[in-house]
Amino acid sequence: MFTAIFFSGCTGRSSEENLKAMAEFATKANASAKHYDNMVESDPGNATAWVIRAMYYNNNFNQYDEALYSVNKALEINPELGLSWHTKGFILLNSGDKTGAALCYENATRYDPSLAGSTPDIDNFKTGGSQFVAVSYKAE
């Protein structure tokens, strides 16, 4: 007769190791936030820097208010920057505002037609968390 005994359970890290890993992650996340904050502090008139900061806050911990603040600053600086409108569309979608997002995507493609292929299907977009990293950026 053959008997097999299986053990199940967590064989990963101890709770002390988990706490240490979470602390390291928080340190890295805070350093990243400082990087994007410093970027706009050092060049507050740079619309692209504000958009990149907005992308960071949209995609990290769903900080939509801070992301929206940043993208609106970018639009104050340059209201014809398609990337700003495109990013704002994602922020509004993630916040559940599909109507506002649709208007942003219209503006995005008006100012930068190359963004037309990277707009999501608004009707099938799932809200409640960042579903996309906004877009890649090409220097002009």
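Of the residues making up the stretch 67-113, just one is among the β-branched types (Val, Ile, Thr), over 12 Å from the mean Cα position of the chain (by Cα) and closer than 20 Å to residue 37 by Cα, namely 77.
Among the residues of the stretch 52-70, are any under 26 Å from residue 115 (Cα atoms), acidic (Asp, Glu), modelled with pLDDT of 90 or more and surrounded by 12 or more Cβ atoms within 10 Å (Cβ to Cβ)? The answer is yes; a qualifying residue exists.
Taking each residue of the stretch 48-65 that is on the phi > 0 side of the Ramachandran plot and part of a loop (DSSP other than H, G, I, E, B) and looking for partners that are at pLDDT below 95 and not acidic (Asp, Glu) with beta-carbon atoms closer than 7 Å, six or more apart or interchain, yields 62/94; 62/129; 62/130.
The values are calculated or read from the model by the stated rules, or taken from the named source; none is laboratory data. Bear in mind the structure is a predicted one, so any value in this text is a computation, not a measurement. Methodologically, a virtual Cβ is constructed for each residue, glycine included, from the backbone with ideal geometry; neighbour enumeration extends over all protein chains shown.
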